[in-house]
1. Using the Karplus curve 6.51 cos²θ - 1.76 cosθ + 1.60 with θ = phi - 60°, work out ³J(HN,Hα) for each residue of the range 156-165 in order, rounded to whole Hz, and write x for Gly and Pro.
2. Say R0 is 41 Å: what FRET efficiency, to the nearest 0.05, do Asp31 and Ala119 get from their beta-carbon distance?
3. Evaluate the relative contact order of the range 174-240 (contact order divided by residue number), counting alpha-carbon pairs under 8 angstrom at least 6 apart; express in whole percent.
4. List the residues, sorted by chain then number, that are 5 or more residues from Gln57 or on another chain and whose placed amide H is less than 5 Å from its amide H.
5. Out of residues 5 or more away from Asp4 or on other chains, whose amide H comes under 5 Å of its own, with H placed 1.01 Å from N in the peptide plane?
6. Can you tell me, using C-alpha contacts under 8 Å and at least 6 residues apart, the relative contact order of the chain as a whole percent?
7. What list of ³J(HN,Hα) couplings, whole Hz, do you get for the range 228-238 from phi and the Karplus terms 6.51, -1.76, 1.60, once you set θ to phi - 60° and write x for glycine and proline?
8. So which of Lys143/Lys170; Lys36/Lys170; Lys36/Lys143; Lys210/Lys233; Lys193/Lys233 end up more than 22 Å apart, counting from Cα to Cα?
Amino acid sequence: YLTDIEGSIDPATGRSLRDTRPIMCNTDYEDGQGNKYLRHGSQPEAVPTVRGMPQLQPYWAAGYSFSRGHFVVNVPYDFYQPMIFQGEEMSIGIRGFTIGYDFYAPERSVCFHHYANGANAPKRNRVKHFWENSNQYAGSGVKAMYRLLGIVHMNPEIDGEMWDHIEEEKYGLGGVRTPELFYETFGIDVVNKRTEHHLCQFVETGNMHKKFMSFLRPDGMGIDYSQIDYRFKDPLKHGR
């Protein structure tokens, strides 16, 4: 996620005051839209542990996403998910993973965000959202969340007949990797709706980058996860 613009840019020169950058690794389950889904929390921000190149991370975030144009062609926003806000990032990220995309944090922050905090709060809090229309579209978000989770195999307890499969081929999964491989690798239990905590100790330190980048395909087309047997476990429970 982007760092707040407050305190990040020198007003005289317009240059960044930061030598740190966030990295995506802190995610857990929450309740909403009649379901349990993964939501990104506050992300750690520090001086990068990998230098000279972007650093591998497991998750995709909507607030800061740069890629070649084929990413949004191959992983389009699902037009059949009305009234969805939280959960959308996991849909894009996991679908992208199955197609063969990997996600990286930049070595430095190159843009910042006007959050509704401090001096920016009065102006930002006047911005309209979409959820003030929830009553007008009551129930549509619940159905959409069933579809979102169903496509990425995150609600195995739900009968597939309960959600809309229209244009699933267009808004669905790829054939390079499975969602289950993602969940197994990064400690996500989709049956009991829980995660192995402290994933950032594996990601932020650069350990994920060092372990997985050695399996980058020779043609540069993504990490070959078929060569990786690593399964993340909470280091505070299971040791390092």
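1. x, 7, 9, 4, x, 5, 7, 10, 7, 9
2. Details: r = 33 Å, r/R0 = 0.81.
That gives a FRET efficiency of 0.80.
3. The normalised contact order for the range 174-240 reaches 37 percent.
4. Phe103, Tyr104, Ala105
5. For Asp4, whose amide H was placed from the backbone, the distant partners under 5 Å are His113.
6. Answer for the chain is 24 percent.
7. Couplings: 10, 10, 5, 10, 6, 10, 4, x, 7, 9, 10 Hz.
8. Check vs 22 Å cut-off fails for Lys36/Lys170.
The values are calculated or read from the model by the stated rules, or taken from the named source; none is laboratory data. Just so we're clear, the structure is a prediction, and the values are computed from it rather than from any experiment. Neighbour counts run over all protein chains shown; Cβ positions are idealised from the backbone, glycine included. For the accessible areas, the whole protein counts, side chains as well, though only heavy atoms, and no ligand, DNA or RNA atoms are used. Shrake-Rupley method; radii C 1.70, N 1.55, O 1.52, S 1.80 Å.
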